[in-house]
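Participant: Handing you this structure, nothing more for now.
The values are calculated or read from the model by the stated rules, or taken from the named source; none is laboratory data. The structure displayed is predicted, hence computed values, not measured ones. Here the Cβ is made from the backbone with ideal geometry for all residues, glycine too, and neighbour counts use every protein chain on show.
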Amino acid sequence: MRESIGRWTCLVVSLAMALGMGTQAQSAPRTQPLPGKASLDEVVPAHADPRSGSPAHWAPPVDDKAAYHTVRLDRLEHQGTGDREAYVWDAEAWWGNDRHRLWLKTEGEGDWRTGERDHAEVQALYNRMWDDFWDVQVGLRHDIDPHPSRSYGVFGLQGLAPYGIDTEASLFVSERGDTSARLELEYEWLITQRWVLSPRLEVNASAQRLDELDIGQGITTSETGLRLGYDVTRQVSPYVGISWQNTYGETRRMRDRDEADRFAVVAGISAWY
Amino acid sequence: MDKAFQQRRALLKALAALGAFGAVSAMMPAAARGATASVAPGHLGRVQGGRPRDVVFDAHIRKDTFQLGDRSGSAYSVNHVIPSPLIELWEGHTARLRVHNHLDQPTSLHWHGLLLPFQMDGVPGVAFEGVAPNTTFEAHFPVRQTGTYWYHSHSGMQEQKGLIGPLVVHPAGPDPYSADRDFVIVLNDWTFEDPHRIMAKLKAQSDYYNLDERTVGDFFDDVATKGWSTTLEERRMWGEMRMTPRDIADVTAMTYDYLLNGHASASPWEGLFAPGETVRLRFINASAMTYFNIRIPGLAMTVIEADGQPVSPVETDEFQIAVAETFDVLITPDARPYTLMCESMDRTGFAAGTLTPRLGARAPVPALRPPPRRTMADMNMAGMDMGDMDMDGAAMSGHDMAGKSLSEKSMSGKNAPSESHASSGHAMAGHGSMAHGAHDGRDKHSGESGHDGHAMAAGHGSESPGDIRVPATMDNRLDEPGTGLEGLDHRVLRYSELRRPVPIEDQRAPSRTIELHLTGNMTRYMWSFDGVAYSDSTPIDLVYGERVRLVLVNNTMMEHPIHLHGMFMALENDQGAHLPLKHTISVRPAARVSLLITADEPGRWAFHCHLLYHMDMGMFRVVRVLDKESAHA
């Protein structure tokens, strides 16, 4: 009952409004709404948001500054050579919006048989969008292995080179002032929609000789790999492949002959979320 | 809300529990009677019509379970049905549309294409504050138009999860096309995935849903048909742009089920007719991301309305419908069943329904045609030396387009007037330093570089990494049939064929031109206007009463369905005084389209790409219609 009274009142009021509008609109066209239209006075509120022009306390219509995140295991693999059964990991995660992101990276390797871990590093980086395809990264790297652990400042450039080559170039300056660099290139060549052949090249260089790390000046080491993966889903791909690890110049001369060049058959998995 | 309202809601709930819900409102579809935990399709189709009247419609928005075959997942329903029920209104009468939010989050319903006071438009953050949980919003307005429209949530990603429905406005007087049967055909792309997860995947890997990428085999096929040098040159161009001719749709049938009136093609929707009858089909593309190609094998269609607005009848065999568009067609079927074939533009899937003189009879469903490819025309490189080069073996239908020289098309007079570029500086001035900066940046870069293949590969400065552009264009591409529909042996509707039967009311010349570029970066999955996302933008201001020309230039290699709320846009398609009115205009890759707008609806209006994930990434602006004193610049 009360409901229907309310409805009738509304109808009468709106009818009266509708009838009144025509005459009012002529006397004051700027402020009085036309039938079915808003008044010009209603468009700009007292405290307006600069983007929407709406009252500043309203939530925005779209959330284009929202943060997203991804965790990616690029490689978790077993490497078999004549004298060595090694494991390798290489993973990264990012969190943030298009312009600003936080990146975490980790990689390392060790020997299954001896239980010895040759290398383990983590990086924490601030990532800033630089242009269409490139990001600039600045942050810290900490090497847990080899002992003694050491820390580095990192300056990096990461992005997509022409032809879709994933590129990561980093410059490291250690707490002792040593400078080194790393370039990683990777490409995905689709055999089918699910079988993917990925060539990968990593080159390391050092600006000075570091006896405690068995590293000489110049180009130090490289890894050239070819991995064939199968996308079980878009996010999980087991793979097999081959990998050459080489040393160069002064570094090559500093290391044992059996460490100078290695060829390995690899099997692993990559995944992301 | 007030007490009276709460009591009313309690009453409605009680009625619903008694299974008497349908009696409360004549608008309620059959399937809505009685509350069900699980919602199956089946309610949409017939347009009822009847005596012209004021309409009160209560939309109760809830979380429900949507059932599709043996799969089910959570979705949003209106009055317990998915898609949302048909709303029918009458011109010259009033609409009182009440949105009751039973969710634990804000919601909204936007009445897509309707002319109304902006506060009723249903865009949270622009038109109103949104409908908070357990509250009601009432949109009450006089209805002053006719035609086929639709409504959907404008909150978050609820639209992707079922909050979409048809809306038909009947004329006050007799219908000029009184068909014997009248059906709404609502198309949408349903997913069981969480749309936020889809967004996250696209941000992490923008080709995630593309299972039709170029392979090594395609390379050698190309070498075999085109030779080494052409193949390598063509790969170089795509490679330098880090783009792919296989990028047709961002989200595909990998996650989508394409539905027609809520039905998957496995258990198709059926529309009944009697032999000899004229049937009106009101196609509504209520998808989040999917364009469809629509045809009825064996039957010609006469297009009579586009975006709810009348067009002079055009007979056609197929048409492409952009996201958020509507097309009304008339058909006169023979006494046999027909398939309504609605193929997704990327041809990873389809929605299909049956029109039949007797229940259960089916017509054959045609096979999906091979997926289309992006061509040189999509890069605006048609005039280059490689104009004779086809981009991909399967796409040869696009060849004739690609072969036309750019300059030849520029001369054809179908383009936006040339002064628009110069005057755009004025139009954009005062819209904030970000927008202005980006605009200057573009002028510098795109300039007259249309023929320079290197321009597109070059970096575009750090101001707007969200704008990876193809070279500037002067071609509106309105006389082309739509991606993948080139070179068919039957008729395909083109925008250039749309003609308003009566001259548009406002025949004034526009007083100024506003140029906006549609910009994006597929790799980063960023989308914007002029390289500036919504959160860095300021409103585009129109002075009440003015006539403006809006020029949209697509810098990307995808179609974008651009939707203006609150006002129709007259598409400058060479129809003289009879330009068609549209609420959503699909701008083809590398195209430059010109529209005329009369700013006669005061308010704050949303203006955006209607691809849901593009809008959400900031391809969105507010257009204000206000008095001269309040306007920027």
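Participant: Considering (1) away from chain A (no Cβ under 11 Å); (2) surrounded by 22 or more Cβ atoms within 10 Å (Cβ to Cβ), say which one B:Ala95 fails and leave the rest.
Facilitator: (1)
Participant: For the range B:110-139, name all the residues that are more than 8 Å from chain A (Cβ to nearest Cβ) and touching a Ser or Thr at 6+ places or on another chain (Cβ under 6 Å).
Facilitator: B:Gly122, B:Val131
Participant: Does A:Asp63 count as surrounded by 15 or more Cβ atoms within 10 Å (Cβ to Cβ) and either among the acidic types (Asp, Glu) or under 20 Å from A:Thr167 (Cα atoms) (or both)?
Facilitator: yes
Participant: Right, something else. Keeping to the range B:100-109, report how many residues are out of contact with any helix residue (DSSP H, G or I) (no Cβ under 9 Å at 6 or more places or on another chain) and within 11 Å of chain A (Cβ to nearest Cβ).
Facilitator: The number of residues fulfilling the criteria is 1.
Participant: Right, another one. Within the range B:157-171, restricting attention to residues that are within 14 Å of another protein chain (Cβ to nearest Cβ) and either among the aliphatic types (A, V, I, L, M) or farther than 26 Å from B:Gly125 by Cα (or both), which residue is surrounded by the most Cβ atoms within 10 Å (Cβ to Cβ)?
Facilitator: Filtering first and then ranking leaves B:Val169.
Participant: Restricting to the range A:210-229, name every residue that is out of contact with any Lys or Arg (no Cβ under 8 Å at 6 or more places or on another chain) and either part of a strand (DSSP E or B) or buried (at least 16 other Cβ atoms within 10 Å of the Cβ) (or both).
Facilitator: Residues satisfying the conditions are A:Leu210, A:Leu213, A:Gly218, A:Ile219, A:Thr220, A:Thr221, A:Ser222, A:Leu228, A:Gly229.
Participant: Among the residues of the range B:54-65, are any over 26 Å from the mean Cα position of the chain (by Cα), modelled with pLDDT of 95 or more and in a loop (DSSP other than H, G, I, E, B)?
Facilitator: yes
Participant: Among the charged types (D, E, K, R) and under 25 Å from the mean Cα position of the chain (by Cα) - does that describe any residue in the range B:71-83? Even if it seems obvious, please write down each step before you answer.
Facilitator: Of the range B:71-83, the ones among the charged types (D, E, K, R) are B:71.
Keeping just the survivors that are under 25 Å from the mean Cα position of the chain (by Cα) gives none.
No, that holds for no residue.
Participant: Still on this structure, I have one more. Within the set of pairs 6 or more residues apart or between chains, which connect a residue that is more than 10 Å from every other protein chain (Cβ to nearest Cβ) inside the range A:25-44 to a residue that is at pLDDT below 90 and part of a helix (DSSP H, G or I) with Cβ atoms less than 8 Å apart?
Facilitator: A:Gln32/A:Met21; A:Gln32/A:Gln24; A:Gln32/A:Ala25
Participant: Turning to a different aspect of this structure: Can you tell me which residues in the range B:93-126 are closer than 16 Å to B:Leu167 by Cα and in a loop (DSSP other than H, G, I, E, B)?
Facilitator: Just the residues of the range B:93-126 that are closer than 16 Å to B:Leu167 by Cα, to begin with: B:93-99, B:108-116, B:120-122.
Result: B:His93, B:Ser108, B:Leu109, B:Gly113, B:Leu114, B:Leu115, B:Leu116, B:Asp121, B:Gly122.
Participant: Ok, one more. Of everything in the range B:318-333, what is in a strand (DSSP E or B) and surrounded by fewer than 24 Cβ atoms within 10 Å (Cβ to Cβ)? Give them in sequence order. Please lay out each step first, then the result.
Facilitator: Going residue by residue through the range B:318-333, those that are in a strand (DSSP E or B) are B:318-321, B:326-331.
Listed by number, the residues that qualify are B:Glu318, B:Leu330, B:Ile331.
Participant: If you take the residues of the range B:140-151 that are part of a strand (DSSP E or B) and within 14 Å of chain A (Cβ to nearest Cβ), which of them is surrounded by the most Cβ atoms within 10 Å (Cβ to Cβ)?
Facilitator: Only one residue tops the list, namely B:Phe141.
Participant: Oh, and also: Which condition does A:Arg176 not pass, out of (1) away from every other protein chain (no Cβ under 14 Å); (2) surrounded by fewer than 17 Cβ atoms within 10 Å (Cβ to Cβ); (3) modelled with pLDDT of 95 or more, if it passes all the others?
Facilitator: (3)
Participant: Could you look through the range B:208-244, keep only residues that are of a type in the set (Asp, Glu) and at the interface with another protein chain (Cβ under 9 Å from one of its Cβ atoms), and pick out the one that is nearest to the chain's Cα centre (by Cα)?
Facilitator: B:Asp212
Participant: Being touching a strand residue (DSSP E or B) at 6+ places or on another chain (Cβ under 6 Å) and either more than 10 Å from chain A (Cβ to nearest Cβ) or on the phi > 0 side of the Ramachandran plot (or both) narrows it down to one of B:Pro602, B:Pro561, so name that one.
Facilitator: Going through B:Pro602, B:Pro561 in turn, just one is touching a strand residue (DSSP E or B) at 6+ places or on another chain (Cβ under 6 Å) and either more than 10 Å from chain A (Cβ to nearest Cβ) or on the phi > 0 side of the Ramachandran plot (or both): B:Pro561.
Participant: Need at least 1 residues that are of a type in the set (Ser, Thr, Tyr) per element, so show me which helices (runs of 4 or more DSSP H) inside the range B:176-255 make the cut, counting only ones lying wholly within it.
Facilitator: Per the criteria, B:216-226, B:228-241.
Participant: Read through the list (1) out of contact with any Leu (no Cβ under 8 Å at 6 or more places or on another chain); (2) facing chain A (nearest Cβ under 10 Å); (3) over 12 Å from B:Asn101 (Cβ atoms); (4) touching a residue at least 40 places away in the same chain (Cβ under 8 Å), then give the number of the only condition that B:His154 fails.
Facilitator: (1)
Participant: Any chance the range B:255-265 includes a residue that's surrounded by 21 or more Cβ atoms within 10 Å (Cβ to Cβ), within 16 Å of B:Gly349 (Cβ to Cβ) and of a type in the set (Phe, Trp, Tyr)?
Facilitator: yes
Participant: Whether any residue in the range B:512-523 is of a type in the set (Asp, Glu) and part of a loop (DSSP other than H, G, I, E, B) is what I want to check. Quick ask: steps written out before the conclusion?
Facilitator: Let us first name the residues in the range B:512-523 that are of a type in the set (Asp, Glu), namely B:515.
Checking the rest, the ones that are also part of a loop (DSSP other than H, G, I, E, B) come to none.
Within the range B:512-523, not a single residue is of a type in the set (Asp, Glu) and part of a loop (DSSP other than H, G, I, E, B).
Participant: Output the residues belonging to the range B:180-194 that are farther than 13 Å from B:Phe66 by Cα and surrounded by 21 or more Cβ atoms within 10 Å (Cβ to Cβ).
Facilitator: Residues of the range B:180-194 farther than 13 Å from B:Phe66 by Cα: B:180-189, B:194.
Listed by number, the residues that qualify are B:Asp182, B:Phe183, B:Val184, B:Ile185, B:Val186, B:Leu187, B:Asn188, B:Asp189.
Participant: Let me confirm something: among A:Tyr273, A:Tyr248, which residue is under 17 Å from A:Asp90 (Cβ atoms) and modelled with pLDDT under 95?
Facilitator: Criteria check complete, one pass: A:Tyr273.
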